[in-house]
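This report refers to the structure that appears directly beneath it.
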Amino acid sequence: MDNHDYDMYGITAIPFVNAPQKLYANEHREAIKKKLNNFINFRGFCVLSGEPGIGKSAILRELTHNFHPKAFKTIYIPFAMFAETDILCAISHQLGLEKAMMKSHMIERIQERIKELQPINIVIIIDEIQKIKHETLELIRTLSNFDFDDKNYLSIIFSGTHDFLNLLKFKNNEHLKQRISCFLELQKLNRIETAEYIQHHLKNVGVNHELFTAESINLIYNISDGIPRIINNFAKYAFAEAAINMSKVVDLEHVQLAIDNISIKNKER
């Protein structure tokens, strides 16, 4: 590790920067993963919702990482704000198809390729779905229609904030809403789970003792409200402050310094 400020802790990498190989999973998150796996087996439409930074993308990344390459084909669309043609082009590219001039031809070719690839389970994940336009949403529904065939040829997972659930309430999205068989909501961590989450990240880099004091964890929980991305941010800066001051533990003062540091950075933007 290049940064020698952390040498005294005997760590293999700086924690809270990258996701651990095995994600922290409480009972709720384990249940979400099991339900996602069950949904994948039946195919169709699924919605995974939750606040920004809560870990939706990380769970989906872990899910697809465990797919057998001969049984699954994952197509990931990172921005639902893409126009209709952009999404079709992205799907076509990941299916090894050349771009067609007309939208209808692109849909037809995609559907033909999906049928050709059966019994491989095609999993399309569309992230930031709350930003999608109705026309693009309708396009995705159309894409899943296979000549009046009731069989589900692919799995489509919509991932985004709760705003997407409000979008589904509009009458013009009723047809799609009726086809969604799986609604999952990822919840925030509570105070105890926040402590477990921090310790999980530390253990991942070789720290097996309690490096963060109970007071520092309580403050991190209070300011993060149990959202993993925010926990990472404050824990990372607090650990850096402790390392600079050659402190054996991350204490309340280090978290407060992290809060001040992040506040200054936000003001500079």
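The values are calculated or read from the model by the stated rules, or taken from the named source; none is laboratory data. As the structure is a computational prediction, the values presented were derived from the model and not from experiment. Glycine gets a Cβ as well: all are built from the backbone with ideal geometry, and neighbour counts include every protein chain shown.
Of the residues making up segment 219-228, just one is small (Gly, Ala, Ser) and surrounded by fewer than 20 Cβ atoms within 10 Å (Cβ to Cβ), namely GLY226. Of all residues in segment 232-251, those being in contact with a Phe, Trp or Tyr (Cβ under 6 Å, 6 or more places away or on another chain) and either part of a helix (DSSP H, G or I) or surrounded by fewer than 18 Cβ atoms within 10 Å (Cβ to Cβ) (or both) number 4. When we screen SER181, SER159, SER216 for residues that are in a strand (DSSP E or B), among the hydroxyl-bearing types (Ser, Thr, Tyr) and buried (at least 17 other Cβ atoms within 10 Å of the Cβ), the only hit is SER159. Total residues in segment 2-45 satisfying the condition of being among the hydrophobic types (A, V, I, L, M, F, W, C) and either in the same structural domain as ASN208 (by TED's automatic domain parsing) or within 14 Å of the chain's Cα centre (by Cα) (or both): the figure is 5.
Per the conditions (1) in contact with a Phe, Trp or Tyr (Cβ under 6 Å, 6 or more places away or on another chain); (2) hydrophobic (A, V, I, L, M, F, W, C); (3) farther than 19 Å from CYS46 by Cα, the sole criterion not satisfied by ALA100 is (1). Within segment 70-119, being over 24 Å from the mean Cα position of the chain (by Cα), in a helix (DSSP H, G or I) and aliphatic (A, V, I, L, M) holds for MET106, ILE107, ILE110, ILE114, LEU117. Taking the conditions exactly as written (polar (S, T, N, Q) and more than 22 Å from GLU196 (Cβ to Cβ)), does ASN38 satisfy them or not? Taking the combined requirement at face value, the residue satisfies it. Checking every residue in segment 76-90 against the condition of being closer than 20 Å to LYS56 by Cα, at pLDDT 90 or above and assigned by TED's automatic domain parsing to the domain that holds PRO52 gives at least one match.
Looking across segment 93-106, the residues that are surrounded by 14 or more Cβ atoms within 10 Å (Cβ to Cβ) and in contact with a helix residue (DSSP H, G or I) (Cβ under 6 Å, 6 or more places away or on another chain) come down to LEU95, LEU97, ALA100, MET106. Consider segment 169-197 and keep the residues that are in contact (Cβ under 8 Å) with a residue 40 or more places away in the chain and aliphatic (A, V, I, L, M). The one that is farthest from LEU23 (Cα to Cα) is LEU176.
Selection over segment 120-135 of residues that are assigned to a helix (DSSP H, G or I) and either surrounded by fewer than 22 Cβ atoms within 10 Å (Cβ to Cβ) or among the aromatic types (Phe, Trp, Tyr) (or both) gives a count of 4.
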